[in-house]
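Taking it in order: structure first as structure tokens, then the write-up.
The values are calculated or read from the model by the stated rules, or taken from the named source; none is laboratory data. All values derive from a computational prediction rather than experimental measurement. Positions of Cβ are generated from backbone atoms using ideal geometry, with glycine treated the same way; all protein chains shown enter the neighbour counts. Remember, those area values only see protein heavy atoms, side chains included, never the ligands or the DNA or RNA. Shrake-Rupley method; radii C 1.70, N 1.55, O 1.52, S 1.80 Å.
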There are 2 protein chains.
Amino acid sequence: MRTHYCTDLNETNVGQEVTVVGWANSYRDHGGIIFIDLRDKTGLIQLTCDPEDSAEAHKIADSVRDEYVLVAKGKVRLRGEGLTNPRLKTGAIEIVVDELVIENKSAPLPFVIGDKKVGEETTLKYRYLELRDQSMYEAFRLRSKAAIAARNILDENGFLEVETPILTKSTPEGARDYLVPSRVHNGEFYALPQSPQLFKQLLMVGGFDRYFQIAKCFRDEDLRADRQPEFTQIDVEMSFCDQEEVIKVAEDLIVAMFKACDIEVTAPFNRMTHKDAMEKYGSDKPDMRYGLEMVDVIDIFERCDNEIFTNIAKKPHVNRIKALKVPGADLVFSKREMKSFEDYVRKFGAQGLGYFQMKEDGLKGPLTKFFSEEDIQLLIDRLGMEIGDVVFFGAGDKKTVWDYMGRLRIFIAEHEKMNLVDPNKYEFLWVVDFPMFEVEDGRVKALHHPFTMPKDTDKDDVEDIESIAYDIVLNGVELGGGSIRIHKEEVQAEIFKLLGISDEEAREKFGFLLDALKFGAPPHGGFAIGFDRLMMLITKKSSIRDVIAFPKTQKASCILTEAPSQVDNEQLRDLHIRIREQVKA
Amino acid sequence: MRTHYCTDLNETNVGQEVTVVGWANSYRDHGGIIFIDLRDKTGLIQLTCDPEDSAEAHKIADSVRDEYVLVAKGKVRLRGEGLTNPRLKTGAIEIVVDELVIENKSAPLPFVIGDKKVGEETTLKYRYLELRDQSMYEAFRLRSKAAIAARNILDENGFLEVETPILTKSTPEGARDYLVPSRVHNGEFYALPQSPQLFKQLLMVGGFDRYFQIAKCFRDEDLRADRQPEFTQIDVEMSFCDQEEVIKVAEDLIVAMFKACDIEVTAPFNRMTHKDAMEKYGSDKPDMRYGLEMVDVIDIFERCDNEIFTNIAKKPHVNRIKALKVPGADLVFSKREMKSFEDYVRKFGAQGLGYFQMKEDGLKGPLTKFFSEEDIQLLIDRLGMEIGDVVFFGAGDKKTVWDYMGRLRIFIAEHEKMNLVDPNKYEFLWVVDFPMFEVEDGRVKALHHPFTMPKDTDKDDVEDIESIAYDIVLNGVELGGGSIRIHKEEVQAEIFKLLGISDEEAREKFGFLLDALKFGAPPHGGFAIGFDRLMMLITKKSSIRDVIAFPKTQKASCILTEAPSQVDNEQLRDLHIRIREQVKA
């Protein structure tokens, strides 16, 4: 129907007869001449309908309203002097319309496209209208380009994309499964996959050597923060490899995807051990766009004159005393603001938040009196305190200190008075050597998953056992991660034992994987990257919903289609289920 | 771990020290020297372990069993004269092993890899072992290549891949939905999509212009024949287009996918109207690799002397009398075989199956006596009967005649004595101008779907209304199809009326699509291609299960993971459902 997309036209087309199609983005009548900005996916072009050029086209133009679908034929000409619009790509030209067809009408829209103040109840109900916003289209264009780039580079590197099932078995990988009742098998259920983890390992056992998939995954979690019930991950697995080879594949992949979105990033990315990340940034996903590194000062506090601190310092294996120096903070933050930082960290378990200010006449603060002059000087030296700097102290059990000091670091960096975060930077970091286990309420749990290869299981404390597991972090967001997997039956059995999983339970939950390990499983490993999150970061959107065409709300509803919804009783009968009667409160 | 894949090695590597990894495919001890065929995804290479080269490697080799995972280091050398194996790509060389590591052991396999006689209860349970068969890997390699090619050509043509939801709303598109109970919304259910149809139309309303997706679709149908509960389709939609443009995109796509699999096919493909397909081949998906075209003879039978035929011939609008000439059939089929054809068509509603044989002395057969000499000659001329030919006649109501004569055509073509089907040919056909509706038991139904654009609704008989719908057929298999969609609210309302769908019902089922049509929907259309079926045809497999990595059985079970399975009562309670008590028979 068209000869050109709107913004494919430019000065070189002047004099040509063209046809463009799209939506009436705006409309104005100026001295009897009607100007319509016509919009297609590429952008806008001005249609000029002058009754002297075509009385008929002008008459039709007169009935055009916002978002009407138009087919316009006419000649391209330069706009008159002073009439160009530098904000439009096509701002130097216009189309003088001879023929105008209204291909479809539009009722008045329920909201103005691009208006950010409209509530999601409305924008999601009319998502197709929200998608007409140019910046939305651009985000999905980049998403498509990035996916293509990912596939091509993996294909070039000998990976096959293999589709694994969506209707599969409930496996306990942490989150709640979505279940699908079976019609054929009375009382039985499929589960939607939380990841293709087991299948990709089976493909390695099947000799596929290099697998990938851009895969839909499902978790029936409470949708706090920015989660979706279904999400997409780029899932990769390879055989006969070590961590270095996996990391190389992941880096090449990420670089290629950014390149497809016109962003240059360079590999290899920086690396940090999990231990260092926790000690220095209080997080296993530190944002490396800024400094603010925590420093250990437990040895100095051990000598101070305050029992709270000396008691904490007595147990350096389980406790930490950490200092976070914020350069120039004394020059920008009021006393009240400094106090508000303490209120902030209390929410995360801090008992308090001491701080010293570096004044012209030395280090000041209510706690300084507990320290010897030598130790005050040692603090100044170790932290490199200069006039105007503030140092905050966190003390307590290590997990709590890491957590709240890590959060304080981010809180301060993002504070409008500090503004340490450069939104145009992409700082990647591999966090490596993850612990194999974590102990929660006395229960040993796998930190990644129970198929992760341990480095060495011969440790007194299970928490000291490291695994060959790695996470990739971008700007403080965990993009993904992976591990080398266990490929020997006896190692897997040992890990299950450490996890307190009985043979019977292991058999029931992972029987087919254990079987597969019996029949010549190759060494293998891989990773997965959250594609939605990656695209959110690439397109600089604030929510993954902006890179998902038809997202669900916080309550896992699709307002547009009204899913989930009630279904016929007959359907339920076919599935051998009934709805549980609600107990009235 | 490796320096080369097995079959990357050839005579040019002779003298090089290499490392290969893989599985022990076979093993033999010959005069104290151990020969192991090592297998990776690319194929086999011979490892030679001679105690004189390395006593240690030989000793390890001695403990190797089938499917052990090995890392072998050694020098490439030419095999001795007379020892080359022309069936192997690497048959001219071998690796003299210095170092051999058993990376993992294998229990004896439950079946021999590649053995076609093993039942699926076993092969599917150990699917990962079945996948080790080279021809399986090759099928998935082609599947991956074809998918990449599809994405690249669509990307080049300006299409964006957009992911549409898997957790969506139950929509009535013919088949049964898979349902997913909602935890958050008590008593409500998501449905897995039967296709992304409505979403892709909404993307067009959203101005996305050109969309595609290689999408998972779900149908809870009885799995007769070769169906899977989940399948993959290549789904395409575009705006401001006509049928020709859509067909061009589909042809370019198909040509590119075949090319990626090293098969050259050329477009444009042949076309046939739906009417012609039914009249000539008795099928809307005729196999065009062979002739056997049906010819209308109702006018001749009208004049014959047999009331059965003359009565049928009186109603040419609803009845048909069709002739199927089979060249040379009289020379190969016995009388008993000809009779067996009658038994075959009776299964599909035929009352009988008359036939004439062209003998040296003219047309023979029990029915000839009912025809005048002129009409016998007319039959001979119209059908081009030559000595040895047989013509079969079908008479009755048109749908029945089309059906059984179409089946007879295939039955005869595939008969081992005729063997008209060339398995190496790829004959594509577009079947166009599909009827908009079909009437079943007095109920008007949409033949494609109710969003298909009718050509002209102004007909006395709804069955005469044609639609802008087209199917793509390959070798008698429907690969896919599509249509131009309705983009105007009033046309959609008219179609719902003809389908007997009330305003209220339409609102409830398709409310959001009807809403979308109000706000400036562009003209649009598209198509979908069954990717599993296409890959089955490309790889010449007999079942789609051979191109699905983890297929389900006829009973929709995954034998490997034992899905579906029973789940905890607690899970069901979270989902507000309970299992219906079984009524004992």
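What to note about this one:
Condition check ((1) more than 30 Å from A:Glu438 (Cα to Cα); (2) under 39 Å from the mean Cα position of the chain (by Cα)) across all residues:
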residue	(1), (2)
A:Ala329	yes, yes
A:Asp343	no, yes
A:Lys359	yes, no
A:Phe370	yes, no
A:Ala413	no, yes
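- Among the residues of the range A:342-378, those identified as open to solvent by less than 50 Å² (accessible area, probe 1.4 Å) and assigned to a strand (DSSP E or B) are A:Gly354, A:Tyr355, A:Phe356, A:Gln357, A:Met358, A:Gly362, A:Leu363.
- Against the numbered list (1) crowded, with 20+ Cβ neighbours inside 10 Å; (2) outside the structural domain of A:Tyr68 (by the TED database), A:Leu100 comes up short only at (2).
- Strands (runs of 3 or more DSSP E) wholly inside the range A:1-84 containing at least 1 residues that are in contact (Cβ under 8 Å) with a residue 12 or more places away in the chain, polar (S, T, N, Q) and under 27 Å from A:Ser135 (Cα atoms): A:17-30, A:43-49
- Top-ranked residue of the range B:153-184 - restricted to ones that are open to solvent by 40 Å² or more (accessible area, probe 1.4 Å) and at pLDDT 95 or above, ranked as farthest from the other protein chains (Cβ to nearest Cβ): B:Asn157
- Residues that are facing chain A (nearest Cβ under 8 Å) and of a type in the set (Gly, Ala, Ser), drawn from the range B:512-525: B:Ala516, B:Gly520, B:Ala521
- Answer from B:Ile410, B:Ile387 - the residue that is in the same structural domain as B:Gly349 (by the TED database), open to solvent by 30 Å² or more (accessible area, probe 1.4 Å), farther than 23 Å from B:Ile312 by Cβ and assigned to a helix (DSSP H, G or I): B:Ile410
- Residues that are touching a strand residue (DSSP E or B) at 6+ places or on another chain (Cβ under 7 Å) and open to solvent by 10 Å² or more (accessible area, probe 1.4 Å) within the range B:194-206 comprise just one, B:Ser195.
- Against the test of being of a type in the set (D, E, K, R), surrounded by 17 or more Cβ atoms within 10 Å (Cβ to Cβ) and out of contact with any helix residue (DSSP H, G or I) (no Cβ under 9 Å at 6 or more places or on another chain), the options A:Glu94, A:Glu138 yield a single qualifying residue, A:Glu94.
- Any hit, the range A:215-225, residues being within 21 Å of B:Arg2 (Cα to Cα), at pLDDT 95 or above and open to solvent by less than 10 Å² (accessible area, probe 1.4 Å): no
- Scanning the range B:563-585 for residues that are within 27 Å of A:Glu161 (Cα to Cα) and surrounded by fewer than 15 Cβ atoms within 10 Å (Cβ to Cβ) yields a total of 0.
- Cβ pairs under 7 Å, 6+ apart, first in the range A:540-551 and among the basic types (Lys, Arg), second assigned to a loop (DSSP other than H, G, I, E, B) and surrounded by 20 or more Cβ atoms within 10 Å (Cβ to Cβ): A:Arg545/A:Pro551
- One residue from A:Glu52, A:Glu81, A:Glu130, A:Glu103 being at the interface with chain B (Cβ under 10 Å from one of its Cβ atoms), more than 35 Å from the chain's Cα centre (by Cα) and acidic (Asp, Glu): A:Glu103
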